[in-house]
Amino acid sequence: MTDNATDIAVVGFAHAPHVPETFGTTNGVEMLVPCFQQLYSQLGITKSDIDFWCSGSSDYLAGRAFSFISAIDAIGAVPPINESHVEMDAAWALYEAWVKLRSGQAKTALVYGFGKSSAGTLRQVLTMQLDPYLVTPLWPDAWSIAGLQARAGLDAGRWTERDMAAVAAGADGDIESLLGTPYVADPLRAHDVAPITDGAAAVVLAMGDRARELCERPAWITGMAHRVDTPVLGARDLTISPSTSAAAQAVTGGDASGFDIAELHAPFSHQQLILAEAIGLANGTKVNPSGGALAANPMFAAGLERIGFAAKAIMAGDANRALAHATSGPALQQNLVTVLESEATR
């Protein structure tokens, strides 16, 4: 088969250990180098085989200007590289790399994201993404915003606290025990909130025959779209996610029934309920077999990890068709949906 502009696959995925705190620098170099080495080893390549690099991170989180520039130390200065960056979750860096490959400007790309959430008080750092004139001066932290969203859904009858606990508990958890724990930001309990996680992740994309050379069972990207809701929290219904619905519609045609797994980027338990409904997932789809963001939430890498884990399931032969979702911004403001398929099903 020959390459074409839509013949692009994930051929490799690696992530740093999910830990509450690391002792490295905030530029992610110490976390990224092992990820890159793992990918080089798995795929039998060197950094010279990568045509395009793209990263996702946050200077606010790193506490320094142009932190992504110092992160390039993990790549190395030689040979000179074609590099770009997005100031948000690295899932959007993957989107940029996907467009780069589709445009014919590269055959391979390495996408990575990193964040040292433990470097500051994360829930307060995230306040800086709010309206700088009217909202940020009030300093509502991330838990408070999510609590408002959860309360709106409870009051509207869209879900219950038991539904939220069931998301956190998974298939084998003890829902009753979770419901007996205290609130941390009413109506959120500790299990409803993603843990502080330092981490990094990296994904390799390749086109056509090059993808087949590098991976026995590539995870082909057959659709990717992202949409944005207004950042004005009072101007939208926080209990639904129109941007997720629109992105899912664009890549599934409105039929989300055929997915073996779905990796949803939901940093709060009730957000998984919103996302599953917005996408229209069928009951037979296994949601977040990796554990999702409630198990580990490395900021600015967690969305990329959802794509990576979905692709990994296909590459391992555990799934034939997978959906991955990433979010950025307060209360599910921005959402990206990706469809990945095995060679047999696309």
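Bear in mind these aren't lab numbers, they're just calculated from the coordinates by the rules spelled out. Just so it is clear, the structure is predicted and the values come from calculations on it, not from any experiment. Glycine also receives a Cβ, built like all others from the backbone with ideal geometry; neighbour counts cover every protein chain displayed.
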## Note on the structure
Two pseudo-spin positions, 7 Å from Cα along C-beta at residue 343 and at residue 138, lie apart in nanometres by 5.5
### residue 286 paired with residue 155, simple spin-label distance in nm, labels 7 Å along Cα-to-beta-carbon
3.9
### Given charges at Cβ of Lys, Arg, Asp, Glu: the chain dipole, positive-most of 170, 24, 224
224
### Message
From the helices alone, meaning DSSP H stretches of at least four residues, give me the mean residue ellipticity at 222 nm for the chain, per-run term -39500 (n - 2.57), in deg cm²/dmol to the nearest 500.
### Response
-9500 deg cm²/dmol
### Query
Applying 1/(1 + (r/R0)^6) with R0 = 25 Å to the Cβ-Cβ distance of residue 69 and residue 49, what FRET efficiency is obtained, to the nearest 0.05?
0.65
### Label point at residue 42 placed 7 Å out along Cα→Cβ; residues across region 288-313 whose backbone nitrogen lies under 20 Å
288-293, 295-313
### Query
Any idea what the relative contact order of the chain is, in percent, if you count C-alpha pairs under 8 Å spaced at least 6 apart?
25
### Message
Please compute the length gained on full extension between residue 183 and residue 257, using 0.36 nm multiplied by the number of residues separating them and subtracting their Cα-Cα distance.
### Response
23.1 nm
### Sequence of 237, 198, 155 once ranked by neighbouring C-beta atoms within 10 Å, starting from the fewest
155, 237, 198
### Task
Sort the following peptides by mean Cβ neighbour count (other Cβ atoms within 10 Å, averaged over residues), highest first: 38-50, 332-344, 128-140, 94-106.
332-344, 94-106, 38-50, 128-140
### Query
Of 8, 69, 75, how do they rank once you tally other Cβ atoms within 10 Å and put the fewest first?
69, 75, 8
### Query
Once the other residues with Cβ under 11 Å from the Cβ of residue 26 are scored (Lys, Arg +1; Asp, Glu -1), what is the net sum?
-1
### Task
Report the FRET efficiency, 1/(1 + (r/R0)^6), for residue 81 and residue 163, where r is their Cβ-Cβ distance and R0 is 56 Å, rounded to 0.05.
0.75
### Query
In what order do 31, 315 fall by count of nearby beta-carbon atoms within 10 Å, going from fewest to most?
315, 31
